[in-house]
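Shown next, in structure tokens, is the structure this report addresses.
Just so you know, all these numbers are worked out from the coordinates, no wet-lab data involved. All of these numbers come straight from a predicted model, not from anything done at the bench. Note that each Cβ is placed from the backbone with ideal geometry, even for glycine, and that neighbours are counted across all protein chains shown.
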Amino acid sequence: AALKQPPTGWHPGQFRKRFPNNPLAPALARSALATTVVGIPMDAFDIAALLASELVTNAVKHSTSEWVDVEISLTTNLLRISVSDQNAQTVRPRTPDIEGGWGLTLIGELATRWGVERHSNGKTISVELDLHSPQA
């Protein structure tokens, strides 16, 4: 029997989970991302993993929230990662230095689009990456 060619591209999918606000949350978010976006181009995955890590790490370090919500949505041409916490305080870029502060600069450089939405019980920061299906 002839071997079937492996499928190219990816299948749309979604992931949503509330994680405890602790140092494990960024690794859990990266694992969730890896399983949700199987098949996207490797360079897009690398960028998405960095963005997810940065967003969740910032929530863990700065939000004083009890939890961090992670939502990942993959369509045929778009990946969206949203991270919510209980802190409605405005996020502001700071001048990056040896101690850190590169997060929002990195997000601004790597994401196709990003934004912050404040709501009554906290805020949500979302990033989007435009994806292009590999040519058949």
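Taking the Cβ of Leu129 as the center, what net charge do the other residues with Cβ under 9 Å away carry, scoring Lys and Arg +1 and Asp and Glu -1?
0
Under a plain spin-label model, where a point goes 7 Å from the Cα along Cα-to-Cβ, how far apart in nm are Arg16 and Asp46?
In this crude label model, Arg16 to Asp46 measures out at 3.3 nm.
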